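Derivation of every value follows stated rules applied to the coordinates shown; laboratory data play no part. This one's a predicted model, so the numbers in the text were calculated from it and none came from an experiment. Because the Cβ atoms are built from the backbone with ideal geometry, glycine has one as well, and the counts that use them run over all protein chains shown.
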Amino acid sequence: MIRTPSLARVAIRMARVIFAVVMAALGILGLLKGDFIGLWQPVPKDLPAREWIAYLCALIPLVSGLGLPWKRTARGAAGLAAGWFVLWLLAFRVPAIVHAPLTQDPWSGLGETAVYAAAAWVLYGWRVRLAQALYGLAMIPFGIGHFAYIDETAQLVPAWLTAHLAIAYFTGIAFIAAGIAIVAGVLARWAAILSTIQMGLFTALVWVPIVLAGPDAFQWSEFVVSVTLTAAGAVVAASYRGKAAVTR
């Protein structure tokens, strides 16, 4: 009898492939630039061995992305990415918050890195619930960031939509609510799905038109970050419907 893959397994595989492609693309972009891309910024200019670390930040996503689609290398690739993102979280994002706990940018940077770490951690398949909770916690500073930069967020809403300020407030509240729901385990699957859709819509409606119009370096970096966050969110959302480990 031919067994048809369940919808959950198909969703997990699709999310894994998307994440793998994005990771490989990030690695290629880093190698082409020869420096840290926006995913890793900010990085101190006086960081010891800065050039070597920049190349590691390109090679590790590239190797992970190339290894994720294949069963024999998938778990090692996921573990490599998860370990590197967690290390970056502890070495750069947490100290930035310690130095400036009342400013928003360090919190947003921590949230971004936590999302990437959570996705790779989910694919590794060890204590997935902790990875899901990490993703949920990351949504909260995203939402707070919308309030901290409410005018800038409202300006990013496409001109053909009305009530820009209301949309900016709504999306901020939605991120915070999703984060609390995921951490609490209340409608967590739907919270993960809807937060991913929100990030995907932000990518499609805000950053894609900007990129097509000819972005500057900052806008291009934000587009790349938004695509990566959406891909990572898809991995975490898919993990609520069956085994997410890449060895499955």
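Quick notes on this one:
- Most positive-pole-ward Cα, Phe19, Phe142, Gly34, against dipole of the range 7-238 from beta carbon charges: Phe19
- Per residue, the chain reaches -24500 deg cm²/dmol at 222 nm when only DSSP H runs of four or more residues are counted, each adding -39500 (n - 2.57).
- Comparing the range 7-238 with the 2.2 N^0.38 Å rule of thumb, its C-alpha radius of gyration ratio is 0.97 (two decimals).
- Taking the square roots of five times each eigenvalue of the Cα gyration tensor of the range 45-123, the equivalent ellipsoid has semi-axes of 26, 16, 8 Å, listed largest first.
- Applying the Karplus relation 6.51 cos²θ - 1.76 cosθ + 1.60 with θ = phi - 60° to the range 188-199 yields 3J(HN,Hα) values of 4, 4, 5, 5, 5, 5, 5, 5, 5, 4, 4, 5 Hz, where x marks Gly and Pro.
- For the range 7-238, with +1 on Lys and Arg beta carbons and -1 on Asp and Glu, the positive-most of Pro69, Ala131, Leu201 along the dipole: Pro69
- Cα centre as origin, Lys/Arg/Asp/Glu Cβ charges: the chain dipole, Debye: 1560
- Karplus 3J(HN,Hα) series, Hz, for the range 211-227 with 6.51 cos²θ - 1.76 cosθ + 1.60 (x for Gly, Pro): 5, 5, 7, x, x, 8, 4, 5, 5, 5, 4, 5, 4, 4, 4, 5, 4
- Ranking of Leu66, Leu229 by count of other Cβ atoms within 10 Å, fewest first: Leu66, Leu229
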